[in-house]
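Input: a single structure, listed below in structure tokens.
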Amino acid sequence: KKCCNIIFMNKNIFIYKNNTEISGTIERTLRKKLVKSGLRALDTYDEQTQLIICIGGDGALLKAVHSCSFPECPIIGINTGHLGFFQEISLDSIDRFISDYEDRQYSIQELSTVKAVVTKNDGSEHMHIGLNEIVIRGRQSYSVHLDISIGGKPIERFSGDGILIATSAGSTAYNYSLGGSIVDPRLKLLQVTPIAPMNTTAYRSFTSSILLPAE
């Protein structure tokens, strides 16, 4: 979803963190700094939130996005984990971030999501949204057989462990470990990457990623 413009009346900021000790320490320090700067640190996310600060690694940020139901307000992260593709603030640059935020010295990068609608045999539909990717695979260690179509036109008959549909932002995550391409997050596209594809008489699976327009 697109990020909305920040409203600077109350400057409500929701802090989300993982359960590590260092993240708890950083949260307490951050709250003091925000209050000292005249900002309001919220304990829960609501519609009045203008900014979400996530403390942890990339996994914590993904959990924050889902727990807040893909919020419209901007999100920025303080990295205390091992991975930090999304987390842009280092521990020694918190003061500078607060100053830049107050002075509106920042830019907002919009990220696209990927949506999957699963239709069951009884006709019921269930929707899932991902910021990084959605994976379709067989249960346990069984192979899955898929007829893949794009816009109603057959593309391939796939056989293997499954397929991954990644956003541009998710290209450096599971997609990359599968051999998919790294994509600039400013590009709006989807990447279909095979997971352990097999080629048989009946199935001719692609062995590399397919890049598609987001629509």
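The values are calculated or read from the model by the stated rules, or taken from the named source; none is laboratory data. The structure presented is a predicted model; accordingly, all values stated were derived computationally and were not measured. Heads up, the Cβs are rebuilt from the backbone with ideal geometry, glycines too, and the neighbour counts pull from every protein chain shown. Just the protein is used for accessible areas: all its heavy atoms, side chains included, with ligands, DNA and RNA removed. Shrake-Rupley method; radii C 1.70, N 1.55, O 1.52, S 1.80 Å.
Looking at the range 87-123 only, could you name the residues that are open to solvent by 40 Å² or more (accessible area, probe 1.4 Å), without any contact (Cβ under 8 Å) to a residue 40 or more places away in the chain and under 16 Å from the mean Cα position of the chain (by Cα)?
Within the range 87-123, 88, 115 qualify.
Out of the residues in the range 93-146 that are among the basic types (Lys, Arg) and part of a strand (DSSP E or B), state the one that is nearest to residue 64 (Cα to Cα).
Quick first cut of the range 93-146, residues among the basic types (Lys, Arg) only: 96, 104, 115, 120, 137, 139.
Restricting the remaining residues to those that are part of a strand (DSSP E or B) gives 115, 137.
Working: 115: 18, 137: 25 Å.
Per the criteria, the residue is 115.
So residue 61 passes all but one of these: (1) part of a helix (DSSP H, G or I); (2) open to solvent by 20 Å² or more (accessible area, probe 1.4 Å). Which condition number does it fail?
Residue 61 satisfies all of (1) part of a helix (DSSP H, G or I); (2) open to solvent by 20 Å² or more (accessible area, probe 1.4 Å) except (2).
Only residues in the range 162-179 that are of a type in the set (A, V, I, L, M, F, W, C) count as the first member; pair them with residues that are open to solvent by 10 Å² or more (accessible area, probe 1.4 Å) and assigned to a helix (DSSP H, G or I), Cβ under 9 angstrom, at least 6 apart or cross-chain, and list the lot.
Close Cβ pairs satisfying both conditions: 164/174; 166/174; 166/176; 173/58.
Here's a check for you: in the range 8-41, which residue that is of a type in the set (Ser, Thr, Tyr) and assigned to a loop (DSSP other than H, G, I, E, B) is most open to solvent (accessible area, probe 1.4 Å)?
Per the criteria, the residue is 20.
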